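The values are calculated or read from the model by the stated rules, or taken from the named source; none is laboratory data. A quick note: this is a predicted structure, and the numbers were derived from the prediction, not measured. Here Cβ is always computed from backbone atoms with ideal geometry, including for glycine, and neighbour counts include all displayed protein chains. Surface accessibility is based on the protein's heavy atoms, side chains included, excluding ligands, DNA and RNA. Shrake-Rupley method; radii C 1.70, N 1.55, O 1.52, S 1.80 Å.
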Amino acid sequence: MKLSKICEKIKYECLQGSMDAEVRDIIYDSRKIAKETMFVCMVGAVTDGHKYIPDAVEKGASVIVVERDEEAAQIPDTITVLKVESARYALALMSAALFDYPAEKLITIGLTGTKGKTTTTYMIKNVLEAAGKKVGLIGTIGVMIGDEKIPSKNTTPESYELHRMFASMVEAGCEYAVMEVSSQGLKMDRTAGIMFDYGVFTNLSPDHIGPNEHASFEEYLECKSMLFRQCKIGILNADDEHSEAVAANHTCEIHSFGVEDNNEKTFLGKPLDLVAADLGFIKENGKLGMHFHVKGCMDCEARVHIPGRFSVYNSLVTMLVCHLAGISDQAILDGLNKVQVKGRVEMLPVSKDYYLIIDYAHNEVSTRSVLTTLMEYHPKRLICVYGGGGNRSKLRRYDMGEVTGEMADLCVLTCDNPRDEEIRDINNDIKVGLAKSNGKYIEIDDRKEAIAYCMVNAQPGDMIVLLGKGHEDYQEIRGVKYHFDEREAVAEILEEIKEGKRVRTV
């Protein structure tokens, strides 16, 4: 593609060379530079791309994009040099051009917020697919394009990868792209230039505040609000105290949702579009969930087999997005009734007598949240199976021990991703927290055996929650990732119980 075409939507100064230069690809990682590629010198928290200009020259880059005039002096005049104000912003717009603006060929749905993004993107994807639509997804768990799953390093990938993924979705015949839009992604211009069809705000609480993320809560909020200046339709949780601040200076059409209380709610002076009322808990045949009535743009009874009040909010987002996208109410309700999200309060149907749940929670906040949710269903016993990540903060282990000791009837300490540490050393740290809350525990290093112990000895009404692995299908030990999927382990244990190979031990 000609350089002039790639740069058609950015502001730049051509310091030397020709805009007729041919560019085969855009590179921002110096290790991937090849002949006839454009190298974009991005300035990051760890390194400055300008210091790799000699590599770009040596490897035959045809174009180099810089942010500083003085950097051009070391570049031969056979190479075209462009100067831009922000290399990150330019990368986003040039990447869109390189892949022929694939986001414009999809119905794009972007979700931002502190909690609920991953679960809700999957809920929307599942409901749209149940209605016969082909959907791509980008987020924390990875990227899904049709049946293909691709690992992802960031919740919101770098802009070049993002547009490459959109292009793959278009090629695969996807109609929709649903993605998590992190505050970091917005701050770092990874989504710059994209006009989302729908932008969603779930909720906001202090998180990601620190030297390498956001300088303050105010900056964190401001980054979230950017989504509502780059979407056509904004959908916000009216029950969150920060929603009006997030919506400030919006340039989109606004819709809102919430849960009914005794007062008639409004958002930005307008009635809410969708309201849930008469919330109730589903607890039947080894499944947990919520049922509720919705009124507003939809008027019906809804059921979702994901436990907890938060799942009502996630359902409202799903219902409102899909309704506005033209999906029939019945298709939405049918899809919602069947939806399950891998590793996020995921129910495994193992028995009508007890409940088995998989969740990704691996810190104090997320663990307290999931255990609080499960306690609302009044289990006979709440049993937690978990370990801790190696090469990580010991404080997280102390906190996990303390909260599980406080809330669970029994903790079964086992292996998570020990990495370069010993399992027993990690679990000894967890026991420091357990001691603070006088928590009852046992230790079984082998995770499958720990799960089997709980299943074999389960009592009617028990809830067994497997914490920390969630969607992961591996255990990382001494630098090696070994395949381990809790769903497969549970299926094997059930078969072993059926064959009489496992019997009660207590």
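Quick notes
- Members of the stretch 155-191 that are aliphatic (A, V, I, L, M), open to solvent by less than 10 Å² (accessible area, probe 1.4 Å) and in a loop (DSSP other than H, G, I, E, B): 181
- Residues (at pLDDT 95 or above and either under 25 Å from the mean Cα position of the chain (by Cα) or small (Gly, Ala, Ser) (or both)) located in the stretch 254-274: 254, 255, 256, 257, 258, 259, 274
- Scanning the stretch 54-89 for residues that are out of contact with any strand residue (DSSP E or B) (no Cβ under 6 Å at 6 or more places or on another chain), in a helix (DSSP H, G or I) and of a type outside the set (Lys, Arg) turns up 54, 55, 57, 58, 69, 70, 71, 73, 74, 89.
- Qualifying residue in the stretch 240-261 (condition: assigned to a strand (DSSP E or B), out of contact with any strand residue (DSSP E or B) (no Cβ under 7 Å at 6 or more places or on another chain) and either open to solvent by 10 Å² or more (accessible area, probe 1.4 Å) or not assigned by the TED database to the domain that holds residue 313 (or both)): no
- Meets criteria (more than 30 Å from residue 11 (Cβ to Cβ), under 19 Å from the mean Cα position of the chain (by Cα) and either modelled with pLDDT of 90 or more or assigned to a strand (DSSP E or B) (or both)) for residue 236: yes
- Given (1) modelled with pLDDT under 95; (2) touching a strand residue (DSSP E or B) at 6+ places or on another chain (Cβ under 8 Å), number of the condition residue 393 does not satisfy: (2)
- Listed by position, the strands (runs of 3 or more DSSP E) inside the stretch 1-46 whose residues that are polar (S, T, N, Q) and under 18 Å from residue 69 (Cβ atoms) number at least 3 form an empty set.
- Residue tally, condition open to solvent by less than 20 Å² (accessible area, probe 1.4 Å) and hydrophobic (A, V, I, L, M, F, W, C), over the stretch 229-239: 3
- Criterion: part of a strand (DSSP E or B) and of a type in the set (A, V, I, L, M) - qualifying residue of 358, 332: 358
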